[in-house]
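One structure below.
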Amino acid sequence: MRGRLCPSLAAIFVVWNLTLAQEPMEYRPADSSLSGPLISAQTGMETAWDIPKSPLTDSLPRDQHLAAQILLGYRIFKNTPQEARRFTGNKLSCNNCHLNAGQREKGMPLVGVAGVFPEYNKRAGRLFSLEDRIVGCFLRSEHALGAKDQNMKPAFTGDESVVPTTSHEVLALAAYISWISSGHQLGSTIPWRGQNTIPPEKIIPLSRLKPKLGEVIYKEKCVTCHALDGQGVAIGDKKPGPLWGRNSWNDGAGAARVYTLAGMILYMMPYLDPGGLTEEEAQQIAAYINSKPRPVFPFKYNDYVREPIPPDAVYYKKRDPGE
């Protein structure tokens, strides 16, 4: 229609305008200052609910529609099952993996991330937009295929394109991520991105990771917050997300990979003493958690068609070389 942009183009312009809105912010490492763009990775419960840049308190764009989208995206990020229930089939929120509303160092921060897209996605074997990436999180980490409609019937029975990139939930999350990314140049390197990884020299072969040993460490280090059954212990009105079972991420999610999950555990846990685990302990715990049952993502056969299946993708069937 003349004079109007299609939703996908509008989303691209939102990302572009917000990421170029300000001068780039300087990254201040956690051990030198808390005044930088991220919450320090070295703090515990005292900063658990701090949000450096919040649409509830900080200035929003003058455009009321964009401001409303940013605010909605923030609400979805903090309480996904409630605010985006039609695309959420479990009890996880974005904030369970991306701590402090995506603004914590080594807590998988999303500040500045909007500017890196489009980006090649190895699992899909193609370029992803920011909206594509959000859809992937809904489908996998939020297990959208398990969402129920008002009559408690499965909301989705089709293929993995069921979550449209132009849905208001996806665009709202893109608007929020773009807003917290303002001040970072498109295509620039983000120094705090990719920090949640096990150092290559510390990676333990899967054959040497023992879920039974991971269970022992889990019971010693993790049950205070996550409980024996992995479903989480309520602390006031807050509760950690389920680590396995029908209310957790599905077996096609990034956290279903052992080394990926271990990197998250190493730097983010235990919450009262972040960084208090060794690389081996984090990997053994991850092997235990990812030995447990979880929802099935039925379209895993579409993954890693152009790239090899990573060795730690333990829920995937290894392909015959002739396939």
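Assorted remarks:
- Estimated vicinal HN-Hα couplings, Hz - the stretch 112-125 in sequence order (Karplus 6.51, -1.76, 1.60; Gly, Pro = x): x, 5, 4, x, 8, 8, x, 9, 5, 10, 5, 5, 8, x
- Net length gained if the chain between Ile235 and His168 were fully extended (0.36 nm per residue, minus Cα distance): 21.0 nm
- Cα shape, the stretch 77-133, gyration tensor, a/c 1.5 rule: oblate
- Val296-Asn121 pseudo-label distance in nm [points 7 Å out on the Cα-to-Cβ vector]: 2.3 nm
- Counting other Cβ atoms within 10 Å as a rough exposure proxy, the listed residues Trp249, Trp192 run Trp192, Trp249 from fewest neighbours to most.
- Förster radius 35 Å - calculated FRET efficiency between Met45 and Ala68, Cβ distance, rounded to 0.05: 0.65
- Rounded if a/c under 1.5, otherwise prolate or oblate - the stretch 200-302, Cα gyration tensor axes: oblate
- The length gained on full extension between Leu272 and Lys148, counted as 0.36 nm times the residue separation minus their Cα-Cα distance, comes to 41.1 nm.
- Spatially proximal lysines relative to Lys212 (Cα-Cα < 30 Å; intrachain offsets below 8 disregarded): Lys91, Lys106, Lys202, Lys221, Lys238, Lys239, Lys292, Lys300, Lys317, Lys318
- Where labels lie 7 Å past Cα in the beta-carbon direction, separation of Gln185 and Ile309 in nm: 4.2 nm
- Among 58-68, 81-91, the order from most to least packed when residues are scored by Cβ within 10 Å on average: 81-91, 58-68
Only the coordinates and a few stated rules stand behind these numbers; no lab work does. Being a predicted model, the structure only gives us computed values, none of them experimental. When we count neighbours, we look across all protein chains shown, and the Cβ atoms used for this are built from the backbone with ideal geometry, even at glycine.
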